[in-house]
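**Q** Quick one: the structure is below, questions incoming.
The values are calculated or read from the model by the stated rules, or taken from the named source; none is laboratory data. All of these numbers come straight from a predicted model, not from anything done at the bench. Positions of Cβ are generated from backbone atoms using ideal geometry, with glycine treated the same way; all protein chains shown enter the neighbour counts.
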Amino acid sequence: MKAVVIEEFGPPDRAALRDLPEPRPGPGELLIDVAFAPVNYVDSLVFAGRYQFLPERPFTPGKGPVGTVRAVGEGVEGFAAGDRVLGMAEHGGYAEQALVPAVHSYVLPEKVSLEDAAAMSLAYDTAWVTLVERGRLKAGETVLVLGATGAVGSAALQLARARGARTIAAVSSMARADAVRAAGADAVVDLSAPDLRDSLRAQVHALTDGRGADVVVDPLGGEVFDAALRCVAWRGRLVVVGFAAGRIPEVRVNYLMLKNIEVSGVQVSDYRKRMPDLMRECFAEVFALAAEGRIRPGERTCYPLDSFAQALNDVVARTARGRALLQP
């Protein structure tokens with residue numbers, strides 16, 4: 001089989017496409033023929049050696065591939081050859097075949113395509129945990145989604161709306177307003193407005209009768225986090241998902257006390273390891289909503305496996321149209 005192999009950390013083009021023996025599933029594993037592998041921003045950290053969970057080199061990167069079960073390892077129940085599955089593996093997806101842990105794999109409903117499942121992988125589960133478990137979102141509350149044009153942001157808009165929340169999307173340019181409205185935003189605020197620290201709060205307060213947002217989803221960090229913290233309603237929750245803007249922000253905790261607000265974070269891979277039952281609940285809801293047509297993973301761009309470096313560079317540069325997927 002062909003697979004992308006990282007032998008030394010560095011830019012994506014330092015990795016290479018290799019011919020490797022077909023893997024065999026061990027106890028608790030599934031071997032899948034990969035149909036699509038999502039390309040995520042976090043993959044750039046893996047290639048660079050800056051991600052917190054890294055296997056021994058050489059290894060094949062790629063989280064959350066989808067495909068068809070080819071073989072079932074010892075002790076695995078509930079799966080059979082031919083099943084279409086999403087396998088939430090930490091690595092191995094950038095390949096024609098991949099080993100995925102059965103405990104973190106999910107059979108797809110008939111109405112959910114492999115391509116749609118790949119577009120949802122690592123985005124909708126992150127958004128679900130952010131909103132439901134960390135954000136404790138309730139119907140009727142207001143959600144402010146930063147980075148709303150990204151994969152997690154778009155997923156958060158759709159899931160929040162499906163759960164009965166009012167959604168506000170924050171965009172870096174109002175030229176993107178129509179796109180986030182199509183994804184589920186009830187209102188849009190402009191991150192490019194002058195004096196972001198005050199202008200973001202003014203925009204959010206104008207849309208919420210001065211209350212602010214009950215839940216804020218932040219995959220950006222940096223100065224956007226600083227401004228968004230001032231938009232949180234009394235007893236509101238801001239959930240940190242990442243730092244795509246670059247700077248890791250700091251918080252003056254007296255501000256949290258004075259406003260009775262909280263800041264938390266999501267590392268969704270820990271939930272898979274520590275709370276697998278919760279993640280099954282997560283994917284059951286996500287797939288049910290997708291099968292009903294209430295969420296749509298939206299636009300995506302497919303790349304052949306040998307274009308993995310281009311795909312990842314497009315994701316980092318934010319030039320990929322929708323989700324970037326490798327198609328072995």
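**Q** When only residues in region 84-99 that are closer than 20 Å to ARG18 by Cβ and of a type in the set (A, V, I, L, M) count, which is nearest to the chain's Cα centre (by Cα)? Reasoning before the result, please.
**A** As a first pass, look at region 84-99 and keep what is closer than 20 Å to ARG18 by Cβ: 89-99.
Going one step further and asking which of them are of a type in the set (A, V, I, L, M), we end up with 89, 95, 98-99.
Working: ALA89: 14, ALA95: 20, ALA98: 20, LEU99: 21 Å.
Going through the qualifying residues, I end up with ALA89.
**Q** Only one of (1) under 20 Å from LEU159 (Cβ atoms); (2) loosely packed, with under 15 Cβ neighbours inside 10 Å; (3) acidic (Asp, Glu) fails for GLU285. Which number is that?
**A** Here GLU285 meets the rest and fails (2).
**Q** Is it true that GLY293 is in contact with a Gly (Cβ under 6 Å, 6 or more places away or on another chain) and of a type in the set (Gly, Ala, Ser)?
**A** no
Residue-wise test of (1) hydrophobic (A, V, I, L, M, F, W, C); (2) over 19 Å from LEU108 (Cα atoms); (3) in contact (Cβ under 8 Å) with a residue 40 or more places away in the chain.
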{"position": "VAL286", "(1), (2), (3)": "yes, no, yes"}
{"position": "GLY293", "(1), (2), (3)": "no, no, no"}
{"position": "ARG296", "(1), (2), (3)": "no, no, yes"}
{"position": "GLU299", "(1), (2), (3)": "no, yes, no"}
{"position": "PRO304", "(1), (2), (3)": "no, yes, no"}
{"position": "SER307", "(1), (2), (3)": "no, yes, no"}
{"position": "ASN313", "(1), (2), (3)": "no, yes, yes"}
{"position": "ARG321", "(1), (2), (3)": "no, yes, no"}
{"position": "GLN327", "(1), (2), (3)": "no, no, yes"}
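**Q** OK, next. Residue by residue through region 150-181, note down the ones that are touching a residue at least 12 places away in the same chain (Cβ under 8 Å) and surrounded by fewer than 22 Cβ atoms within 10 Å (Cβ to Cβ). First the steps, then the outcome.
**A** Within region 150-181, the first condition is being touching a residue at least 12 places away in the same chain (Cβ under 8 Å), and the residues that meet it are 150-174, 176, 179-181.
Scanning region 150-181 gives GLY150, ARG161, ALA162, ARG163, GLY164, ARG166, SER172, SER173, MET174, ARG176, ALA179, ARG181.
**Q** Go through region 115-137 residue by residue and tally those that are part of a helix (DSSP H, G or I), of a type in the set (A, V, I, L, M) and buried (at least 20 other Cβ atoms within 10 Å of the Cβ). Don't jump to the end; show me each part of the working.
**A** So in region 115-137, the residues part of a helix (DSSP H, G or I) come out as 115-120, 124-134.
Of the ones still in play, those that are also of a type in the set (A, V, I, L, M) are 117-120, 127, 129, 131-132.
Then drop every residue that is not buried (at least 20 other Cβ atoms within 10 Å of the Cβ), which leaves 117-120, 127, 129, 131.
Within region 115-137, residues that are part of a helix (DSSP H, G or I), of a type in the set (A, V, I, L, M) and buried (at least 20 other Cβ atoms within 10 Å of the Cβ) number 7.
**Q** Can you tell me which of ALA213, ALA187, ALA193 is assigned by TED's automatic domain parsing to the domain that holds SER173 and without any contact (Cβ under 8 Å) to a residue 12 or more places away in the chain? Even if it seems obvious, please write down each step before you answer.
**A** Working: ALA213 fails: without any contact (Cβ under 8 Å) to a residue 12 or more places away in the chain; ALA187 fails: without any contact (Cβ under 8 Å) to a residue 12 or more places away in the chain.
Residue meeting the stated conditions: ALA193.
**Q** Pick out the one residue from GLY140, GLY75, GLY93, GLY67 that is in a loop (DSSP other than H, G, I, E, B), buried (at least 23 other Cβ atoms within 10 Å of the Cβ) and not hydroxyl-bearing (Ser, Thr, Tyr). Show your work before the answer.
**A** Working: GLY140 fails: buried (at least 23 other Cβ atoms within 10 Å of the Cβ); GLY75 fails: buried (at least 23 other Cβ atoms within 10 Å of the Cβ); GLY67 fails: in a loop (DSSP other than H, G, I, E, B).
After applying the criteria, what remains is GLY93.
**Q** Check ASP33, ASP13 and return the single one that is over 15 Å from ALA311 (Cα atoms), touching a residue at least 12 places away in the same chain (Cβ under 8 Å), not in a loop (DSSP other than H, G, I, E, B) and not aromatic (Phe, Trp, Tyr).
**A** On the way: ASP13 fails: over 15 Å from ALA311 (Cα atoms).
Only one candidate qualifies: ASP33.
**Q** Still on this structure, I have one more. So, in region 201-256, of the ones that are surrounded by 15 or more Cβ atoms within 10 Å (Cβ to Cβ) and of a type in the set (Phe, Trp, Tyr), which residue ends up farthest from ALA165 (Cα to Cα)?
**A** Taking the candidates together, the pick is PHE243.
**Q** Something else about it: Name the single residue that is surrounded by the most Cβ atoms within 10 Å (Cβ to Cβ) among those in region 259-279 being touching a residue at least 40 places away in the same chain (Cβ under 8 Å) and in contact with an Asp or Glu (Cβ under 9 Å, 6 or more places away or on another chain).
**A** VAL266
**Q** Would you check which residues across region 1-57 are at pLDDT 95 or above, farther than 23 Å from SER113 by Cα and of a type in the set (Val, Ile, Thr) and list them?
**A** Of everything in region 1-57, those that are at pLDDT 95 or above, farther than 23 Å from SER113 by Cα and of a type in the set (Val, Ile, Thr) turn out to be VAL4, VAL5, ILE6, VAL46.
**Q** Here's a follow-up. Give just the number: which of (1) within 23 Å of ARG274 (Cα to Cα); (2) assigned by TED's automatic domain parsing to the domain that holds PRO304; (3) buried (at least 17 other Cβ atoms within 10 Å of the Cβ) does GLN52 not satisfy?
**A** Result: GLN52 fails condition (3) only.
**Q** Looking at (1) in a loop (DSSP other than H, G, I, E, B); (2) in contact with a Leu (Cβ under 8 Å, 6 or more places away or on another chain); (3) among the β-branched types (Val, Ile, Thr), which is the one condition that is false for ILE248?
**A** (2)
**Q** Something else about it: When you check ALA291 against the structure, is it closer than 26 Å to GLY64 by Cβ, surrounded by fewer than 19 Cβ atoms within 10 Å (Cβ to Cβ) and of a type in the set (A, V, I, L, M), yes or no?
**A** On the way: closer than 26 Å to GLY64 by Cβ: yes; surrounded by fewer than 19 Cβ atoms within 10 Å (Cβ to Cβ): yes; of a type in the set (A, V, I, L, M): yes.
Yes, satisfied.
**Q** Can ALA175 be described as out of contact with any strand residue (DSSP E or B) (no Cβ under 9 Å at 6 or more places or on another chain), at pLDDT below 95, assigned to a helix (DSSP H, G or I) and not aromatic (Phe, Trp, Tyr)?
**A** In short, yes.
**Q** Inside region 180-197, can you point out the residues that are closer than 17 Å to ALA160 by Cβ and touching a strand residue (DSSP E or B) at 6+ places or on another chain (Cβ under 8 Å)? Full working, then the answer.
**A** Of all residues in region 180-197, those closer than 17 Å to ALA160 by Cβ come to 180-189.
Passing the criteria: VAL180, ARG181, ALA183, GLY184, ALA185, ASP186, ALA187, VAL188, VAL189.
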